[in-house]
Each structure stands twice: as structure tokens, then as C-alpha cells.
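Accompanying notes for the structure given below.
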Amino acid sequence: MLKGTFPVEKFKALQTPFYFYDIELLKETLKMVTTEANKYGYHVHYAVKANANPRILSVISSFGLGADCVSGGEIQAALNAGFPADKIVYAGVGKADWEINLGLDNNILCFNVESAVELQIINELAAAKNKVASIALRINPEVDAHTHAKITTGMKENKFGINLSLLGKVLDEICTLKNVKLTGIHSHIGSQITDMSAFRNLAIRVNEIQDELEARNIKIQNINFGGGLGIDYYHPNHLPIPAFDNYFAVFNKLLQVRPGQQVHFEPGRSIVAQCGTLISKVLYVKEGEIKKFAILDAGFTELIRPAMYDAHHRMENISSDEEIEIYDVVGPICESSDVFGKDVELNKTHRGDLIALRSAGAYGEVMASQYNCRQLPKAYYSDQL
Ligand code: LLP
């Protein structure tokens, strides 16, 4: 089985657990996404929520991407990392007043508005500053993403976006507000989407929505399709860069772009997932009655995806090339959900071996917690070790 190549000797000197980022792979991925998007003049705003590590953000901003933020903290992190304010979009069902004000003060590109009540508040806060906020309506397009229920967002029952049936009412309301300007529509149907038919359906639905808007004499300057492109968690070495070409081609083929219209995307996972690895040490190999456990010094405090979404992360013993054995790989946290994987094939494992948990660059470090009074994990970079 193919293993990733890691500087294992250098790792031995570092305190585990830690995140290791392959900066070359990140740059290759960024080159690919920008090249493919540029073919069609598409705008890419990196979804900061996937990984807000300052070094990672500054590499991404150096490639000219914009940022998609979901909080004031993310807006600040994006600005600190050099993302220009006029390439920052801001979504979220619960924007606090100070967060809206931060966006207004920095003249961000757009607020992606998720409800009629929010619209009124943005209008009030903008009026107090004598400004006109540029807004896009986040529409819930009722397109099934065919992904894990906890990361599906585009269905009627989800809290996100404005339901299609309520769109007319919200549009009427916008006409009465002087300090917001409708400049776009936005949608995001979910995450880790590998079935391109979901994106096809989204593009077709957006055409229908545009027709409806035009019937009301509303012209839309910007269309934003959110993020969601999935990655291959099972074979991180085979295709480490997602097929951005196929992804953008779907929209190019199906979307009926109006003259002068700009098309935007907010990928997160597809940009950063494969460049990040969680490196952990085996504390104990415990023989149970029916199971053998590899107990790591990393737990769901460092990588919560397996516990939270039953997510699969490929695991490799990068210290051993002995015969393959079967282990349940678990963390040290006092919760039975602190399991990285059951019946995992690893080269024979010993106390002190290093285990690599692959494809952890997205929603890994950024979701770490200090539960059990643990320390947040450190990060190291391939070009600085
Ligand atoms: N835009 C919006 C409005 C979003 O809500 C999200 C992700 C994205 C863009 C980026 O989506 P991506 O390209 O990364 O799929 N913690 C979960 C994923 C949560 C995604 C939340 N929204 C996980 O670990 O799988």
C-alpha cells in the first residue's frame, strides 16, 4: 500500500500530536484551482472555515483568491492574512451586530443574507454609517447534495438560506430598504459532494431562479455557488488535487450566464484537505479480549471528524514496515466516541510509533478543542522544517 512520504526523522524531534502541512501541495492545488477558474473568468473565495491557520491563509491569499467568511473573527483573520476586503464575502445565519459593523467598516464585497430579519438589521446598521451594504440573498435551492446529513445545507429543513417559497416576499422587502443593495444570489448545498449531479441540479435550479427574478425585472450581477466539492479520503496519494476542471466545467456547461454577470465559488475542503496531516504517537498497544487497540496521543480534540461525522481518514504507521495487522485506532479522551477507526490495517504497531492521519487539512486543526484541559495542537510546514 502506498504511503505518503513524510520527513519521519525530523518528526521524531517534535512533540506530538501536531499538524503537518505540505506547502508545495497546497501551492500546486492553488495553481490548479486558479488556472481552471480563470478559464471561465470565475471568482474563487476560499472558505476560511476549512482552515484558518495564519500561514495557510497567507499562502492562499498570495495566489489572489478572495475569502468566504462566516464570522467577524474570520473576517479579521482574512484581513490579517492579506485578503483584500473587496474580495471578502460574509455568510452566516446568525450575524451579530459587531460582526456586521466590522464588515461595513471594511467595505467588504458582499453580505450573503440568510433571512428577512437579518436584511432589516443590516439596513439599519448601514444607515447609521451612511453606507449602502451590498448584499446577496442566500437562497435555499432545495437541491439534495447526497452527502452526510450533518453537512447538508440546501434542503427545506435546514436552517440556512431563504426558502424558495419566501423569496418573493423578501424581494418586495428589499425594495423598501434604502441602505442595502441587492447585487447577487448565493447558495451552498452542502459539503464533501462527490456526485457531480448535485452541482448539475444546482446550476439548473439557479437558471430557473434567474428566470423568476427577471420576470420581476430584477437583474443579478453576481451568482455565487458556495463550496462543497469533495475530496478522496480513501486514496489521498492517488489524486491529491481534486478535479477542479470537471467541477467548473459543469457550471460552464449548464449555467446561463447573463451578459456582464460574475460567477463566484467558495471552496474550502478541496483546497486544503489533502495538504494537512495529523501526526500522532502511539502511547500503548492494548490487547483486548476480541480487539487490539492502538491508543494514540491524539484524540477528537485534535481531529473531530470521525467522531462527529463518522468520517474516514486514512491512517498510516509511518514508523513501521512490518506485516499488516488489524487495530481499532483510538484516542485518549474520556468518551467512547473517541475512535479514529475500527478494524484499521496498520503495519505492526509498537509504543512510540508515529501514525499519520491523512487528509486532515480541512476542518481539522480549525475544529480542535481544549476538552479534557488539553493543549491545542501545534502546526509545522514542509518548507520550514
Ligand atoms: N460556503 C458556505 C456558505 C459554507 O457553509 C461552506 C461550508 C463552504 C462554503 C465550504 O464548503 P467546502 O468547500 O469546504 O465543502 N466540518 C464539516 C464541514 C462543514 C462545512 C460547512 N460549510 C466537515 O468536517 O466535514
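With only alpha-carbon atoms in the gyration tensor, what are the semi-axes of the equivalent ellipsoid for segment 284-369, in Å, largest first? The partial results should precede the final answer.
Values: eigenvalues 85, 42, 24 Å².
In descending order the semi-axes read 21, 14, 11 Å.
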Check: C-alpha center segment 1-39 vs C-alpha center segment 203-231, spacing in Å is 35 Å
For Leu109, enumerate residues with amide H under 5 Å from its amide H, sequence gap 5+ or separate chain, H modeled in the peptide plane. Lys87, Ile88
Tell me, what is the percent relative contact order of segment 23-271, built from C-alpha pairs under 8 Å that lie six or more residues apart? 21 percent
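If packing is taken as the average count of other Cβ atoms within 10 Å, what order do 97-104, 71-78 fall into, highest mean first?
71-78, 97-104
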Considering the options Gly260, Ser187, Asn80, tell which one lies farthest towards the positive end of the dipole of the chain, charges being +1 on Lys and Arg and -1 on Asp and Glu at the Cβ, about the Cα centre. Gly260
Dipole magnitude (debye, nearest 20) for the chain, charges at Cβ of Lys, Arg, Asp, Glu: 760 debye
Could you tell me, in Å, what Rg and Dmax come out for the Cα atoms of segment 230-352? 19.4, 68
Over all alpha-carbon pairs in the chain, figure out the percentage whose distance exceeds 27 Å. 51 percent
Could you work out the local net charge near Ile88, counting Lys and Arg as +1, Asp and Glu as -1, over the other residues with Cβ closer than 10 Å to its Cβ? -2
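Please give the peptides 362-368, 334-340, 107-113 ranked by average Cβ packing (other Cβ atoms within 10 Å per residue), highest first, as a rough proxy for protection.
107-113, 362-368, 334-340
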Relative contact order for segment 203-322, counting Cα pairs under 8 Å that sit 6 or more residues apart, in percent: 27 percent
So how far apart, in nm, are the two label points at Glu287 and Lys378 if each is 7 Å from Cα heading toward Cβ? 3.6 nm
Along the Cα→Cβ direction, 7 angstrom out, place labels at Asn38 and Tyr309. What is the inter-label distance in nm? 3.0 nm
What does a probe at Lys131 reach in segment 97-116, counting residues whose amide N is under 18 Å from the point 7 Å along Cα→Cβ? 97-114
Kindly give Rg over Rh for segment 1-136, based on alpha-carbon atoms, with the Kirkwood expression for the hydrodynamic radius. 1.09
In a shell of Cβ-Cβ distance under 10 Å around His186, excluding His186 itself, what net charge do Lys and Arg (+1) and Asp and Glu (-1) give? -2
Modelled label-to-label distance, Lys12 and Cys334, 7 Å Cα→beta-carbon offset: nm? 3.5 nm
Compute the orientation-averaged projected area for segment 170-300 from the convex hull of its Cα atoms and round it to one decimal in nm². 13.0 nm²
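The numbers here are math on the coordinates, done by the rules we state, and not lab data. Predicted model only: the values in this text are computed from it and were never measured. We place every Cβ from the backbone using ideal geometry, glycine too, and count neighbours over all the protein chains shown.
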